[in-house]
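Undergrad: Here it is, the structure, as structure tokens.
Please treat every number below as a calculation from the coordinates, not as lab data. Please read these numbers as outputs of a predicted model, since none were measured by experiment. Cβ coordinates were reconstructed from backbone atoms using ideal geometry, including for glycine residues, and neighbour counts include every protein chain displayed.
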Amino acid sequence: MTVFGRRLDELFLPVVLSIGTLVVVRSVWQLAHGPVDERWFVLASLTLLSGSATLKLPGTPVSFSISDSFTMAAALMFGPAAGTVTVAIDGLVISLGLARRSIPPRRVFYNATAPPLAIWIAAQVFFLFVDADWMASARMSAEYWIPPLAVFAGLFFLLNTGLVAVAIACEQRVDPVQIWREHFVGLWLTYFGGAAVAALLIVLVQGRHPNLLVLLLLAPIPLIIYATFRHAIGRMEDRVSHLNQMNGMYLSTIETLAQAIDAKDQVTHGHVRRVQRYAIKLAQALGVRDQLELRALDAASLLHDVGKLAVPEHILNKPSTLTPVEFDKMKRHANVGADILSSIGFPYPVVPIVRHHHENWDGSGYPVGLASDAIPIGARILAVVDCFDALVSDRPYRPRLSQPEALRVLQARSGTMYDPRVVAKFLEIVETVPTEPHRTAPSEGLADITQAARRETIRAGASEADAETLAVLFELGGRTATASSPGAAMTHIQTILRRLMPADICALYVYSPETDSLTATCVAGTHSDAILRTTIPLGQRLTGWVAANRQTILNSDAALDLGNLTLTLDPTPHGCLAAPIFIADDLVGVLSIYSTRRQPFTETHLAIVETIADGVGCLLKLEGARASGPCPTTGPSAPPTARLLPQVARTSIH
């Protein structure tokens, strides 16, 4: 909302209350200092009685009575002052009837001033066309004053309902036109019906001026209108109650699906909640007022990635760039998610937003290739906030960007990938959106190293393989070669590697073709008992991905491998370095190194662990874990680290 809009909201209520108070006080003064027709007291009494029969509109703080016939008749027969005081009495009666609900005093004051102001203005307009003395003395034919009567009823309806709608909009910070259309348009019948009854009353009074009982004969007519509206509103309340139940069911469905997404994609946990907050704030800033559209965007923000349930986990959590084939599989999630949600039958357009939230402004997106305004506005909003939160969040394949850097990326993509108007508005409001900090929690795919630090450690790699490192590696080779078992070898490896890198935990995952999974059979270091016997299916998590793709990973989040287990470990494992183990071309297992420190692994550490993995493979072969015979890379009697020394020596000579 603009500064002007906020200032208008702050001024509206005081201005209406002030003007309405002046009008009521002036009207009371006029009645007190002039002759009052005794018939007005009868109308005022009927107003008091009928004003207690109030009806409340479901879902709003709005109530109305069936006393409009008497208040209009008072204004038409006895002038604006009489009508204003009568409406003020009606407003007070309604407020007193609602007092048991503890309504705020400002609402009572508003009920006693805003409606009187509305009827005073409408009556003033009416008497611009009709002579007041002729009207009161019944010397004017009905054909003459019926057209002004219609104008009076319409103006009173618009002013009275409009003032209430704007007051509600100011209080709830919503669009007053939408409030009016949703809750007040249907009340036109009470105003025009009340005007018709008032006209009938005037005609009868013209024929039987002295007889006050004529006024009482009309009392049943408003009561009939009250009974009719009460029945209609009762049915409306039933429909609202049913709608609330259905909406609760939809919300439960949304929450369940959102939790399923979080369980599937550990990298983006918390992402959908942040996207939801950004999306709704941005939509409101862009002027989206349709409640169905806002509800659709609210649900789509939580469910836009539901299609990832059909994407293999090793692709979702891959710690490096996707291959073209993997990216094609990833792109399917937009259509899959839309198809899943289309079977639910949401009462608002969730499916188009989910299906098209990866479309680009220039038509280069997927799944359909829509461009510019053909893309639903909700999808355009979601695309921008989805990208922003992804940029400022850590991923296994890259660290987070700072907010200024992320905003520069959005600006660079404005007009090609994203709607320029949406990007411009997001840049305006991004600082005003309250968000949770991106916590360094295990489930959020942390990356402790920046790209600059990564390049620096690569450049520093040559200097790390010095004489001391070589001495440590010689010791490692000797101890491992004399180890009595793979478990003892892992203990030696972890103890010595800890002097070279943040290797707080060394885990040997052995592959089983029968179960197509890897099991931690040897673990040394911190939390060894907790991690021992952990089983990971081939292709899943980090270790499973390394085994399936036969590639090493560096500085990925340990939580992507150990899952919820990290929540129970103290200190918490943070980084992970993993290398596959082969004998010839057969997969044996994976050597995974975990760090409980923030210190990142370097490229030199990666080279060391890769070579140790080869040596562990030979050790397993010598132990008979997989086969018998000489190790194909080092020979039958070579220690497990035989290939390590030439590798380190080569990296130290430049």
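Undergrad: Cβ neighbours within 10 Å, averaged per peptide: list 22-35, 174-187, 417-430 in order, most packed at the top.
TA: Descending mean neighbour count gives 417-430, 174-187, 22-35.
Undergrad: Going highest first, how would you order 373-379, 404-410 by mean Cβ packing within 10 Å?
TA: The most tightly packed comes first, giving 373-379, 404-410.
Undergrad: Let me ask another. Between residue 200 and residue 92, 0.36 nm times their residue separation minus their Cα-Cα distance comes to what?
TA: Working it through step by step, the gained length comes to 36.2 nm.
Undergrad: Can you give the local net charge around residue 427? Use residues other than it whose beta-carbon is closer than 14 angstrom to its beta-carbon, Lys and Arg +1, Asp and Glu -1.
TA: Net charge in that neighbourhood comes out at +1.
Undergrad: What does the net charge come to around residue 371 if you take all other residues with beta carbon closer than 14 Å to its beta carbon, with K and R at +1 and D and E at -1?
TA: -3
Undergrad: How do 145, 361 rank when sorted from fewest to most other Cβ atoms within 10 Å of their own Cβ?
TA: In increasing order of surrounding Cβ atoms, one gets 145, 361.
Undergrad: With a 10 Å radius around each residue's Cβ, average the other Cβ atoms per peptide and rank 493-501, 608-616, highest first.
TA: Sorting 493-501, 608-616 by mean packing, highest first, produces 608-616, 493-501.
Undergrad: Let a ≥ b ≥ c be the square roots of the eigenvalues of the Cα gyration tensor of the range 539-587; is it rounded (a/c under 1.5), or, if not, prolate (a/b larger than b/c) or oblate?
TA: It comes out prolate by the Cα gyration axes.
Undergrad: With each pseudo-label sitting 7 Å past Cα toward Cβ, what's the residue 290-residue 182 distance in nm, one decimal?
TA: With each label placed 7 Å out from Cα toward Cβ, I get 1.4 nm.
Undergrad: Ok, one more. Return, ordered by residue number, the residues of the range 568-597 whose backbone nitrogen is under 19 Å from a label point located 7 Å along Cα→Cβ of residue 515.
TA: 581, 587-592
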